[in-house]
Amino acid sequence: MTLSAAPHTSSERRIPVTQEAEKRGRIFNIQRFSLNDGQGIRTLVFFKGCPHRCPWCANPESMSPRIQVIKRQAKCLNCRTCLQDPVECPSGAMEYVGEDVTLSELMTRLLKDEVFFRSSGGGVTLSGGEVLMQHSFAGDLLDELRVLGISTAIETAGDAPLPHLLALTENCDQVLYDFKIMDPQQARSVLNMNQPRVLENFHALAERGVNLLPRLPLIPGFTMTNENMQQVLDFLQPFNLAEIHLLPFHKYGEAKYPLLDKTYSMHKTKVPDAATIAPFYAMAEKYGYKVTLGG
């Protein structure tokens, strides 16, 4: 069962991180002062690496577990000073995507925002990529945050061995659980996703009383169909959940693809307007959900 946050403990009195915990996690971004992905003001930690290949992914740099190098040609001075080394690049045209951090290093960075967590009822959300690919390090991080009574959440597609998922839910307050393509064959061929396992894991978490918040990206041509939406709602109905988030398709990540030598296959797909989204919003409301767009 998901536990509530531990009583407040000052960061000055926190339990020291043991030497054994000083393994490293690989992240590619820390986003501060977010008002989405959980309650209150939050800091998001984006873990690198994802087993899925969603064509609409807004963070293509999250897919590979490797540290990558990108080059923004518009910034390049053609000075040859850098010799293709981002550390030496004088203009910032080249940069590494991804870094390895120890638990204590990451905690130090996250605790800079502790006052905002306390005052707003916010906390830390672990995102990706897919956080379950680094379940051991992520579990240690959640445990350290719990010691301080800081609220935590994870974002996941739930496609991993159940013990890995359960280990994280023991120390987090909410699981933001993404549903994408419900058809098992299409989910496998398009996303490389084991959809039956996704559904089985959700059921197992619900049985254990985990605080679950289902989310559905609305992607034209993939998830944004009446049939797919109905399948999601039918699956969720027995769990009597109060809220669902709908995540409309956007193209905010399109410019990143050429930097990574990737092709963005969604460039001709239109971003749905309010009128297009409205029927899906109404379908969810009909089931009694509090519906949030975005988040």
TODO: Among 62, 125, 104, flag the residue with its Cα farthest along the positive direction of the charge dipole of region 60-133, charges on Cβ as +1 for Lys/Arg and -1 for Asp/Glu.
DONE: 62
Open item on the list: Can you give me the solvent accessible area of residue 287 with a 1.4 Å probe, rounded to the nearest 10 Å²?
Closed with: 70 Å²
Open item on the list: Nearest 5 percent is fine: what portion of the DSSP beta bridges confined to the chain is antiparallel?
Closed with: 35 percent
Task: Partner aspartates and glutamates for residue 262 [C-alpha distance under 20 Å; skip if fewer than 8 residues away on the same chain] - done: 61, 95, 130, 254
Open item on the list: Quick check: pseudo-label points 7 Å beyond the Cα along Cα→Cβ at residue 70 and residue 273, how many nm apart are they?
Closed with: 3.1 nm
Open item on the list: Show me, for region 150-159, the HN-Hα J-couplings you get by feeding each phi into the Karplus relation (A = 6.51, B = -1.76, C = 1.60, θ = phi - 60°), rounded to Hz, glycine and proline as x.
Closed with: 8, 4, 9, 8, 10, 10, 7, 8, x, 9
TODO: Of the options 271, 257, 293, report the single residue whose Cα projects farthest towards the positive end of the charge dipole of region 227-295 (beta-carbon charges: Lys, Arg +1; Asp, Glu -1).
DONE: 257
Open item on the list: Accessible area of the chain with a 1.4 Å probe: how many percent of it is carbon plus sulfur?
Closed with: 51 percent
Task: DSSP-defined beta bridges in region 38-193 - what % are antiparallel, rounded to 5 - done: 25 percent
- [ ] Apply the Karplus parameterisation 6.51 cos²θ - 1.76 cosθ + 1.60, with θ equal to phi minus 60°, to every residue of region 70-77 and state each ³J(HN,Hα) to the nearest whole Hz, in sequence, with x for glycine and proline.
- [x] 10, 9, 9, 4, 4, 8, 5, 8
Open item on the list: Using C-alpha positions alone, give me the convex hull volume of region 117-240 per residue in cubic angstrom.
Closed with: 113 Å³
Task: Estimated dipole of region 154-295 in Debye, rounded to 20 [Cβ of Lys and Arg +1, of Asp and Glu -1, Cα centre] - done: 400 debye
- [ ] Provide the convex hull volume over Cα atoms per residue for the chain, in Å³.
- [x] 145 Å³
Task: Within a Gaussian network of the chain (alpha carbon springs, distance under 10 Å), most fluctuating of 137, 202, 33 - done: 33
Open item on the list: Which one, 211, 78, 201, has the greatest fluctuation when you compute a Gaussian network model over the chain with C-alpha springs under 10 angstrom?
Closed with: 78
TODO: Kindly rank 124-135, 265-276 from highest to lowest mean number of other beta carbons found within 10 Å of each residue.
DONE: 124-135, 265-276
- [ ] State, as an integer percentage, the relative contact order of region 86-163 based on alpha-carbon contacts under 8 Å between residues 6 or more apart.
- [x] 29 percent
TODO: Over the chain, average the accessible area per residue using a 1.4 Å probe and give it in Å², no decimals.
DONE: 48 Å²
Open item on the list: From Cα pairs below 8 angstrom and at least 6 apart in sequence, can you work out the relative contact order of the chain, rounded to a whole percent?
Closed with: 21 percent
- [ ] Can you check what the Kirkwood hydrodynamic radius comes to for region 60-130, Cα pairs only, in Å to one decimal?
- [x] 15.0 Å
Open item on the list: Taking 32 Å as the cut-off for C-alpha to C-alpha distance, list the pairs among 23/256; 71/290; 256/286 that go past it.
Closed with: 71/290; 256/286
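The values are calculated or read from the model by the stated rules, or taken from the named source; none is laboratory data. Please read all numbers here as calculations on a predicted model, not as lab measurements. Neighbour counts are summed over all protein chains in view; Cβ atoms, including those assigned to glycine, are modelled from backbone coordinates with ideal geometry. Ligands, DNA and RNA are stripped out before the accessible areas are found, and what is left, the full protein with its side chains, is counted by its heavy atoms. Shrake-Rupley method; radii C 1.70, N 1.55, O 1.52, S 1.80 Å.
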